[in-house]
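Report on the following structure.
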Amino acid sequence: MSSSDRSRAVDLTRTYEVRTYGCQMNVHDSERLSGLLEGAGYVRAPEGSDGDADVVVFNTCAVRENADNRLYGNLGRLAPMKTKRPGMQIAVGGCLAQKDRDTIVKRAPWVDVVFGTHNIGKLPVLLERARVQEEAQVEIAESLEAFPSTLPTRRESAYAAWVSISVGCNNTCTFCIVPALRGKEKDRRTGDILAEIDALVAEGVSEITLLGQNVNAYGSDIGDREAFSKLLRACGKIDGLERVRFTSPHPRDFTDDVIAAMAETPNVMPQLHMPMQSGSDTVLKAMRRSYRQDRYLGIIDKVRASIPHAAITTDIIVGFPGETEEDFEQTLHAVREARFAQAFTFQYSKRPGTPAATMEGQIPKEVVQERYMRLSALQEEISWDENKKQVGRTLELMVAEGEGRKDGATHRLSGRAPDNRLVHFTKPDAEVRPGDVVTVEITYAAPHHLLAEGPALDVRRTRAGDAWEKRNAAEAAKPAGVMLGLPQIGVPEPLPVATGSGCGLD
């Protein structure tokens with residue numbers, strides 16, 4: 001191909017941008033949306049394009065009271081850009097699209113496509129149909145058409161991957177709208193899950209995170225209460241799979257066989273993120289959570305007895321309707337007893353369409369804020385104390401990229417310990433790539449990270465590092481004008497840090 005022909009080909013390339021809001025399930029879906037678009041011939045717009053793409057996709061979340069305001073504000077900012085760029089298309093998917101349906105096109109008539117949580121695989125077809133027919137396409141499926149993991153993907157990491165094992169949720173928590181938008185729980189076949197993991201490992205992936213709205217309820221479709229623990233043990237037999245994580249389990253379904261599988265399967269990491277939501281039995285009942293404080297703390301005791309170095313994290317909602325000062329003190333008590341490595345604390349926010357949104361006893365914002373600050377201060381103190389216990393330990397870190405904002409200035413690199421704690425370490429003399437494994441001794445602890453200031457004790461080059469290197473070389477070899485920009489490489493975030501109430505995957 002001559003340079004002029006190549007230039008014309010580049011000019012004809014349509015770019016895309018996917019903006020993701022909400023939980024890990026949305027992050028997982030967005031990787032599939034990117035894969036679908038690239039399979040249809042689109043290329044990713046450079047980082048920082050800020051809407052300057054031919055197709056902009058919003059993968060939305062509906063768990064907060066102001067979710068729709070945020071979406072329409074962003075859509076409004078794109079309206080004049082679309083007017084200036086004939087052929088530009090805007091698509092809205094995810095939970096808010098599933099909930100609002102036709103309302104989106106009525107409020108933002110410049111939107112071209114609206115699709116739901118059950119039919120993300122239709123996005124390229126709907127975009128083309130909107131282009132040809134020159135009118136908005138709204139298609140919301142009422143049931144799942146295909147598991148997200150069966151669709152093409154553009155993974156953000158060369159060495160770590162999400163693997164969906166179920167979708168939907170059978171719980172009826174009064175603060176959560178997810179079951180209404182993602183439907184009842186539906187499990188994937190175990191053989192399909194393991195086949196996907198095998199394929200990922202063959203590509204160089206060394207860490208996978210099993211993903212579900214209620215991940216440890218896996219097997220409810222067939223009535224097998226031990227299906228999840230069996231899946232964890234099966235993951236332990238996959239050669240080349242170094243780390244297995246999962247999110248998020250529900251205390252109701254957390255059985256002893258899962259604890260045993262975690263303790264006895266070497267590649268299942270000593271990490272547990274289990275949402276507590278509240279320490280008050282009264283509030284838990286109002287939330288329609290099917291456990292009480294004693295049950296929750298009892299699970300933690302069993303986990304620590306079997307896995308002494310496990311890092312346990314949680315979600316907590318402050319200011320749920322009807323929460324009294326005595327209820328809140330019960331939450332503080334539970335936090336002191338649990339000794340969480342980290343807690344993602346949320347101020348209660350009404351979710352339209354949930355029972356809690358219309359409950360009596362809505363708490364004044366200033367009261368919620370004051371309780372939130374007290375809880376945050378307590379957890380900060382506990383997190384720091386728990387991190388100090390790591391000083392002097394020798395840990396194997398999986399090297400990440402982009403997780404240490406000051407790494408360039410401090411001449412350090414960053415990685416994740418087996419329990420998912422973030423560790424910044426002195427850059428070794430030997431070449432180290434994301435996905436490689438470095439052994440270090442922890443010398444200092446802060447509330448939210450650890451430091452290893454001495455020289456690395458060992459550097460192990462891995463197939464995952466090879467995969468990262470190969471991927472970056474392929475990106476660099478793309479012709480000018482079609483560069484996708486460097487992907488954000490690193491293990492999937494354990495949970496997004498949010499400033500308001502969020503459902504998480506609980």
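Using the heavy atoms of the protein chains alone and a 1.4 angstrom probe, what is the accessible area of the chain per residue in square angstrom?
42 Å²
Computed FRET efficiency, Cβ-Cβ of Arg295 and Ala199, R0 51 Å: what is it to the nearest 0.05?
That pair, Arg295 with Ala199, gives E of 0.85.
Listed here are the pairs Lys184/Lys350; Lys350/Lys406; Lys186/Lys470; Lys186/Lys230; Lys122/Lys186; Lys427/Lys470; which of them are more than 25 Å apart at the Cα?
From Lys184/Lys350; Lys350/Lys406; Lys186/Lys470; Lys186/Lys230; Lys122/Lys186; Lys427/Lys470, over 25 Å: Lys350/Lys406; Lys186/Lys470.
For a quick protection proxy, order the peptides 280-292, 128-140, 307-319 by their average other-Cβ count within 10 Å, most packed first.
With the highest mean Cβ count within 10 Å placed first, the list reads 307-319, 280-292, 128-140.
How many angstrom separate the Cα center of segment 147-203 from the Cα center of segment 204-218?
7 Å
Using Cα centres only, tell me the gap between segment 282-320 and segment 237-269 in whole Å.
A separation of 17 Å, based on Cα centres.
If the chain between Gln369 and Tyr444 were fully stretched, how many nm would it gain, using 0.36 nm times the residue separation less the Cα-Cα distance?
Going from the current span to full extension adds 23.8 nm.
Would you mind giving the average projected area, over all directions, of the Cα convex hull of segment 378-449 in nm² with one decimal?
Computing the convex hull of the Cα atoms and averaging its projections yields 4.8 nm².
Could you tell me what a quarter of the Cα convex hull surface of segment 208-291 works out to, in nm² with one decimal place?
5.8 nm²
Solvent-accessible area of Val125, probe 1.4 Å, all protein chains present, reported in Å² to the nearest ten, please.
80 Å²
Express the carbon and sulfur contribution to the solvent-accessible surface of segment 97-186 as a percent, rounded to the nearest whole number, probe 1.4 angstrom.
Reported share for carbon and sulfur atoms: 50 percent.
With a 10 Å radius around each residue's Cβ, average the other Cβ atoms per peptide and rank 81-87, 324-330, highest first.
So the peptides 81-87, 324-330, ranked by packing, come out 324-330, 81-87.
Please provide three numbers in whole Å: the alpha-carbon extents of segment 116-266 along the principal axes, with the largest listed first.
Per principal axis, max minus min of the Cα coordinates gives 58, 40, 24 Å.
For the chain, what is the charge dipole size about the Cα centre, in debye to the nearest 20, if Lys and Arg each add +1 at the Cβ and Asp and Glu each add -1 at the Cβ?
700 debye
Full extension from Leu457 to Thr324: what is 0.36 nm times the residue separation minus their Cα-Cα distance, to one decimal in nm?
Net length gain for the segment: 42.7 nm.
In debye to the nearest 20, how big a dipole does segment 290-340 give about its Cα centre with +1 on each Lys and Arg Cβ and -1 on each Asp and Glu Cβ?
I would put it at about 440 debye.
Please compute the contact order of the chain in relative form: average sequence separation of alpha-carbon pairs under 8 Å and at least six residues apart, divided by the residue count, as a percent.
15 percent
Starting from one equal scatterer on each C-alpha and no solvent at all, send me the Debye-based log10 I(q)/I(0) for segment 12-122 at q = 0.23 Å⁻¹, two decimals.
Normalising to I(0) and taking log10 leaves -1.45.
What spacing in nm lies between the two simple spin-label points modelled at Glu128 and Val391, each 7 Å away from Cα in the Cβ direction?
6.1 nm
Along the charge dipole of the chain, pointing to its positive end and built from +1/-1 on Cβ of Lys, Arg, Asp and Glu, which listed residue (Ala62, Thr13, Met274) has its Cα farthest out?
It is Thr13.
Which listed residue (Cys95, Gly121, Val163) has the Cα farthest towards the positive end of the charge dipole for segment 23-165, taking +1 on Lys and Arg C-beta and -1 on Asp and Glu C-beta about the Cα centre?
Farthest towards the positive end: Cys95.
For the chain, what is the calculated [θ] at 222 nm in deg cm²/dmol (nearest 500), taking -39500 (n - 2.57) for each run of four or more DSSP H residues and dividing by its residue count?
-11000 deg cm²/dmol
Just want the answer: with Cβ charges of +1 for Lys and Arg and -1 for Asp and Glu, which residue in Val391, Ala377, Ala108 is farthest toward the dipole's positive end in the chain?
After comparing all options, I get Ala108.
The values are calculated or read from the model by the stated rules, or taken from the named source; none is laboratory data. Please read all numbers here as calculations on a predicted model, not as lab measurements. Cβ sites come from the backbone with ideal geometry, for glycine too, and all protein chains shown count toward neighbours. Keep in mind that these areas ignore ligands, DNA and RNA; they rest on the heavy atoms of the full protein, side chains included. Shrake-Rupley method; radii C 1.70, N 1.55, O 1.52, S 1.80 Å.
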